[in-house]
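Read the structure below first, then the notes.
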Amino acid sequence: MIFIPVVLHLAGGLAGTLAQVDLATYRDPNERFTCTMPGDWRVQEFTGSSSSSVAFFGPPTGINPYSAYIAVRYYGNDSEFTSQQAYVAARIGFAISSTPVRQILWKGRLSLEFTAVHKGLRMHHSTKEPENVREHTYAIPHRNGFFAVVHSAPDSHLRTTDNVFRALLDSLTIQP
């Protein structure tokens, strides 16, 4: 994992104001992709024989710190999901609701986009009703598999981190 610090402006939060955010460029250790994320978000990498992913958790401040994550997952042709369609069917299969799957053109690649809502989990020490979790996903083809770029957050938090998800999608460079 390699981070290169940069400073950019992102459209911030619900108010739509501009906020200066220190960003870092993430380089996949398998050299499949690079992307840009806020430098203060936590990073967790997962690797396997035919799949790998990186998840960014944040934001570090606010009412629910680190309650959102944005992940870039790679699934090879011999992974648990043999196609974009199999992945989408699995994610929607256990959702309590979802949007229709749309075919979109993402940087010249015919991709799939959808949002699934999952039941939130109650923490054992909490008396509050758990909030549902919304998962916005782009499934992007690659020559030997596909990428799933996922933005997941509680309903109340998704809009406040959507600008970060959009910036990641804009900065994401997938190697041929």
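Working carefully through the options ALA68, ALA55, find the one that is closer than 21 Å to LEU172 by Cβ and in contact with a His (Cβ under 6 Å, 6 or more places away or on another chain).
When all the criteria are applied, what remains is ALA68.
Show the residue pairs that are 6+ apart or on different chains and have beta-carbon atoms under 8 Å apart, the first residue being within the stretch 85-110 and on the phi > 0 side of the Ramachandran plot, the second being part of a strand (DSSP E or B) and at pLDDT 95 or above.
LYS107/ILE174
Only residues that are β-branched (Val, Ile, Thr) and surrounded by 20 or more Cβ atoms within 10 Å (Cβ to Cβ): list them for the stretch 57-78, please.
Of everything in the stretch 57-78, those that are β-branched (Val, Ile, Thr) and surrounded by 20 or more Cβ atoms within 10 Å (Cβ to Cβ) turn out to be ILE70, VAL72.
Which ones in the stretch 103-126 are out of contact with any Leu (no Cβ under 7 Å at 6 or more places or on another chain), of a type outside the set (Ser, Thr, Tyr) and within 13 Å of TYR138 (Cα to Cα)?
ILE104, LEU105, TRP106, LYS107, ARG109, LEU110, LEU112, GLU113, PHE114, ALA116
The values are calculated or read from the model by the stated rules, or taken from the named source; none is laboratory data. Keep in mind it's a predicted model, so treat the numbers as computed, not measured. Backbone-built Cβ (ideal geometry, glycine too); neighbour counts: all protein chains shown.
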